[in-house]
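Here is the structure we will look at.
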Amino acid sequence: MGNGYPASTSRSAELHRRGLAVIPDGVSRSTVIIRPHPIYVDNAKGAWITDVDGNRYLDCNNNFTSIILGHADPVIEAAVRKQLGRGTAFSMATEAEIELAEILCSRISSCEQMRFCNSGTEGVMGAIKAARAFTGRPTIIKVEGSYHGTYDHAEASLGSDPSNWGLADAPSTVPYAQGAPDSLADEVVVVQFNDAHGAVETIRRVGTRLAAVLCDLMPSRVGMPVLDPTFSEALRTTTQEVGALLILDEVISFRLAHGGAQAIHGIDPDLTVLAKIIGGGFPVGAIGGRSDVMEVFAAVDGDRAAVPSGGTYTANPVTMTAGVACMRELTGPNFDRLDDIGNQIRQGLEGLFEERAIEWQVTGAGSLFRIHPHQRRICSYRDAHLNSDETTVMTSLQHRLLEREVYLSGYGMGCVNLATSDADIHHFLGAASEALRLVVP
């Protein structure tokens, strides 16, 4: 056993007590909370993180999928250091913004133009506003359980459960944050992932009120299920039929291939939302798409744009420079290696489950995976949704892995970076074997 988490006398515990005095929950991101206290990082390099107590962890989260080359990548570090000496933010434009937009448009066939922002949440919000402005319609359709950031409309039915999620063929629109407007139920309609028939019926029913369908092709919170091609085809053809747009959220899935998940599945959306890896480890978001749709962001002849957008740190040169460096490093062979790492982990986990006769499973693709403490066939959110006992088991798994120098999210989502070695994979599978022995005796 390597690490002693949790320890009330640790520096992390001390920092959490200090943070509670000035920050609600002690930290500003609910996603980093681990009970009884978060882990505070001192430094990271490659595939490993070192906390303020000197404990090391193989990072199988990578800042919730935003790190792809590895922590403190030397190429990105050199590019950023050079830019820091030239300034960090200006009330003027920089060439780096154009360079990153050119790279992204060249990689994504559906994107003729790109507009930057500061996060995936902002990107999704901007894409929804663009769809409403372009179509003149108010309503969006989204997938039950799918995470698209913290905008009220995008996070509808993110955390629904059997007590409120409604019928399978007519999911309820459930607000995620308290205080969400009552109009949410009229402006957001929910469908189930991989339900092609239900999607077609819903799109046609909403019809002339529908601005866009918002979809992630391998949504983590839905369980990372395998995409049924009839579902994605139904979204594409039926949105075109009713004059609505298709928005693909590739904030996470862009790390699956040189052109993202849409290239793998052969889908051409009207708008694409990007973030995470395109910033090279810095805050970023982007909206890309067809030129005629993207025109809503343009101020023509000095008039206000249909969808004005800005932001003090939008397209700042540090982020743009880091993004350019990261994207240039991500070549075809690198994606092949990421696929190989992910395949070794998924196959290794399946082997452990079989060896111990544990009725668990793992889903995912590329550098992403998700562990499930059950063998329900996963097609949609309701299949992957954890009951209270399963949630307790996954929390225990996270803690047992922390003790064995592995950091994994509390709900079983995993993500590896390019710096992960075969020895690191061996370490992960060894730690998982020992953790499973304790979690499922």
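Before moving on, here are some points about what is shown:
- Subset of the range 204-233 (residues that are surrounded by fewer than 24 Cβ atoms within 10 Å (Cβ to Cβ) and more than 23 Å from the chain's Cα centre (by Cα)): R204, R205, V206, G207, T208, R209, T230
- Residue within the range 307-329 that is modelled with pLDDT of 95 or more, of a type outside the set (K, R) and closer than 30 Å to P162 by Cβ present: no
- For the range 210-217, the condition of being in contact with a helix residue (DSSP H, G or I) (Cβ under 8 Å, 6 or more places away or on another chain), among the acidic types (D, E) and part of a helix (DSSP H, G or I) holds for none of the residues.
- Residue match in the range 133-144 (condition: within 15 Å of V284 (Cα to Cα) and either assigned by TED's automatic domain parsing to the domain that holds V191 or hydroxyl-bearing (S, T, Y) (or both)): no
- From D336, D340, residue being closer than 30 Å to R81 by Cα and of a type outside the set (V, I, T): D336
- Candidate set: the range 234-258, residues that are of a type in the set (A, V, I, L, M, F, W, C) and outside any helix (DSSP H, G or I); chosen: the one surrounded by the fewest Cβ atoms within 10 Å (Cβ to Cβ): A257
- Selection from the range 7-40 of residues that are in contact (Cβ under 8 Å) with a residue 40 or more places away in the chain and buried (at least 17 other Cβ atoms within 10 Å of the Cβ): S10, S12, I34, I39
- Being in the same structural domain as R132 (by TED's automatic domain parsing) and surrounded by 13 or more Cβ atoms within 10 Å (Cβ to Cβ) is a property that holds for G198.
Here is a yes/no grid of residues against (1) in a helix (DSSP H, G or I); (2) modelled with pLDDT of 95 or more; (3) under 21 Å from E405 (Cα atoms):
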site	(1), (2), (3)
G2	no, no, yes
P6	no, no, yes
S12	yes, yes, yes
V22	no, yes, no
S28	no, yes, no
I39	no, yes, yes
N43	no, yes, yes
T50	no, yes, yes
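- Residues that are under 17 Å from M224 (Cβ atoms) number at least 3 in the following helices (runs of 4 or more DSSP H) confined to the range 268-379: 332-355.
- Enumeration of residues in the range 177-209 that are under 18 Å from D152 (Cβ atoms) and outside any helix (DSSP H, G or I): A177, Q178, G179, A180, P181, D182, S183, V188, V189, V190
- Residue under evaluation N62, criteria (1) out of contact with any Cys (no Cβ under 6 Å at 6 or more places or on another chain); (2) within 24 Å of V324 (Cβ to Cβ); (3) touching a residue at least 40 places away in the same chain (Cβ under 8 Å), criterion not met: (1)
- Looking across the range 55-85, the residues that are on the phi < 0 side of the Ramachandran plot and assigned to a helix (DSSP H, G or I) come down to P74, V75, I76, E77, A78, A79, V80, R81, K82, Q83, L84.
- Single condition Y411 does not satisfy, out of (1) surrounded by fewer than 22 Cβ atoms within 10 Å (Cβ to Cβ); (2) assigned to a helix (DSSP H, G or I): (2)
- Check on E187, at pLDDT 95 or above, acidic (D, E), touching a His at 6+ places or on another chain (Cβ under 9 Å) and within 27 Å of F297 (Cβ to Cβ): yes
- Each residue in the range 238-266 was checked for being under 19 Å from the mean Cα position of the chain (by Cα) and of a type outside the set (F, W, Y), and 19 of them qualify.
- Flag for S220 being of a type in the set (S, T, Y) and part of a loop (DSSP other than H, G, I, E, B): yes
- For the range 165-195, residues that are over 20 Å from T150 (Cα atoms) and exposed (fewer than 12 other Cβ atoms within 10 Å of the Cβ) total 1.
Matching residues to (1) over 30 Å from G198 (Cα atoms); (2) not hydrophobic (A, V, I, L, M, F, W, C):
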site: A96; (1), (2): yes, no
site: S110; (1), (2): no, yes
site: R115; (1), (2): yes, yes
site: G120; (1), (2): no, yes
site: G123; (1), (2): no, yes
site: A130; (1), (2): no, no
site: S157; (1), (2): no, yes
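- Number of positions in the range 268-305 that are of a type in the set (D, E) and crowded, with 24+ Cβ neighbours inside 10 Å: 1
The values are calculated or read from the model by the stated rules, or taken from the named source; none is laboratory data. As the structure is a prediction and not an experimental result, all values here were calculated from the model. Every residue, glycine as well, gets a Cβ built from its backbone with ideal geometry; the counts of neighbours run over all protein chains shown.
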